[in-house]
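The values are calculated or read from the model by the stated rules, or taken from the named source; none is laboratory data. This structure is a prediction, so every number in the text was calculated from the model and none was measured. Glycine gets a Cβ as well: all are built from the backbone with ideal geometry, and neighbour counts include every protein chain shown. Ligands, DNA and RNA are excluded from the accessible area calculation, which covers all protein heavy atoms including side chains. Shrake-Rupley method; radii C 1.70, N 1.55, O 1.52, S 1.80 Å.
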Amino acid sequence: MKFIHYFSLLLGVVFLGVSCTEKHNPEAHHTHEHEHDENQILYAKGFSLRNFPDFTLMEVTQPWQGANNVFSYVLAKDLTKIPDSLKKMEAIEIPVKNLVATSTTHLGSIELLGEQTSLIGFPGLNYISSNTFRDLIDSGKILELGSSEQMNTELLLDLNPQVVVASVLDDSNKVLNTVQQSGIRVIYNGDWVEQTALGKAEWIKFFGALYDQQDKAARLFNQIQQDYDQVLSVLEQAKVFPTVYSGAMYQDVWYLPEGQSWAAELFKQAKSDYLWSHSQGTGSLALGFEAVYDKAKDAEFWFNPGTFESLSEIKKASIHYTDFEAFKNAKVYSFALTKGQTGGIVFYELGPTRPDLVLKDLAAIFHPELFPGYQPIFYKLLPYE
């Protein structure tokens, strides 16, 4: 959901009606003969996958922050083989041939699985950066659906996708309520709620299940995990832990990642000393300028300073920013500079699916001696102008 991501950028921290399936007690349906099949998900907390001879049971437990319901979906090649005990649940025939996605975080998984041509609609095409997707957009094969918050209902119904994959803040989106009532399948995706880097990346298995490509999704995730672990292995040689802070002022409040958030986790794993790492919570801290300055004025690195794209912009916004040592020493980094041809920020599209690359970016910035010659993919040093 692009609007969440861009608001997060402003804060410097790194839509659906009624239930699209049965809301239920998660224990109530486990009455069939294969109830002990193992969950295929290792790191993600927001969904599970259990495979049975004729179907896969997908449960989304964290479609948005604070959700209390479990949303279950039965995925099968032959819907007639779904057990009677599960027929009240939302059934989806796989492989899914076409769909509408609603968040840039979905696109990395779709592309890695080679299913770009399945995407037929998206709200906010200018946010898409991938060249492959842009070619499909330019040829009219992916249609503009408006905005995430208020998609074009008529056009969405005319598209009649097999599935709408929806990222939501809550269950109050009237457009997708209408879509569901029309008979179009809606399935929640809560990848953005995950608070670990590998947990976010593992949602590729969500799409692997929809496309009947679970084996490929597992192989891709395993490679990402191995590459992530390889970076961690190199980082064991790190001898210093440079201090770092994040964010910038937004309407007189400075927002920073809380100590248990995925952004804080990445700072820690990259062997840096994130100055608010001991704070509790997985969201963002809201602090005054003085509180941040008192703690971070001598920090070596400043990351993700809101929407600023140069040091001169930062200085123009407030002369007080120039008092930080990280500003004085020009050690201010942001992923906001890495954009696609229509202005979409690449990080939001690829970063959640490729935490190995994000971690290596951070590691190489903090410890360049351990990664000689590496050029960060997402994070760039802010220029003066």
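Structural remarks
- Filtered residue count, region 131-144, keeping only those that are touching a Leu at 6+ places or on another chain (Cβ under 6 Å) and open to solvent by less than 50 Å² (accessible area, probe 1.4 Å): 2
- Residue 342 vs. criteria part of a helix (DSSP H, G or I), surrounded by fewer than 14 Cβ atoms within 10 Å (Cβ to Cβ) and not aliphatic (A, V, I, L, M): no
- Once region 90-130 is narrowed to residues that are open to solvent by 20 Å² or more (accessible area, probe 1.4 Å) and among the polar types (S, T, N, Q), the residue that is farthest from residue 79 (Cα to Cα) is 126.
- Selection from region 288-320 of residues that are open to solvent by 80 Å² or more (accessible area, probe 1.4 Å), touching a strand residue (DSSP E or B) at 6+ places or on another chain (Cβ under 8 Å) and either β-branched (Val, Ile, Thr) or part of a loop (DSSP other than H, G, I, E, B) (or both): 298
- Single residue of region 350-369 satisfying the filter (charged (D, E, K, R) and open to solvent by less than 10 Å² (accessible area, probe 1.4 Å)) that is farthest from the chain's Cα centre (by Cα): 361
- Looking only at region 321-339, and only at residues there that are within 26 Å of residue 124 (Cα to Cα) and open to solvent by 30 Å² or more (accessible area, probe 1.4 Å), the one that is farthest from the chain's Cα centre (by Cα): 337
- Members of region 154-172 found to be of a type in the set (A, V, I, L, M, F, W, C), modelled with pLDDT under 95 and open to solvent by 10 Å² or more (accessible area, probe 1.4 Å), listed by number: 169
- Of residues in region 194-215 being out of contact with any helix residue (DSSP H, G or I) (no Cβ under 7 Å at 6 or more places or on another chain) and aliphatic (A, V, I, L, M), the one surrounded by the most Cβ atoms within 10 Å (Cβ to Cβ): 210
- Restricting attention to region 233-261, the residues that are over 14 Å from residue 296 (Cα atoms), open to solvent by less than 50 Å² (accessible area, probe 1.4 Å) and among the hydrophobic types (A, V, I, L, M, F, W, C) total 4.
- Comparison of 228, 245, 255 shows that the only residue that is assigned to a strand (DSSP E or B), within 24 Å of residue 360 (Cβ to Cβ) and among the aromatic types (Phe, Trp, Tyr) is 245.
- Single unsatisfied condition, residue 175 versus (1) over 23 Å from residue 353 (Cβ atoms); (2) open to solvent by 80 Å² or more (accessible area, probe 1.4 Å): (2)
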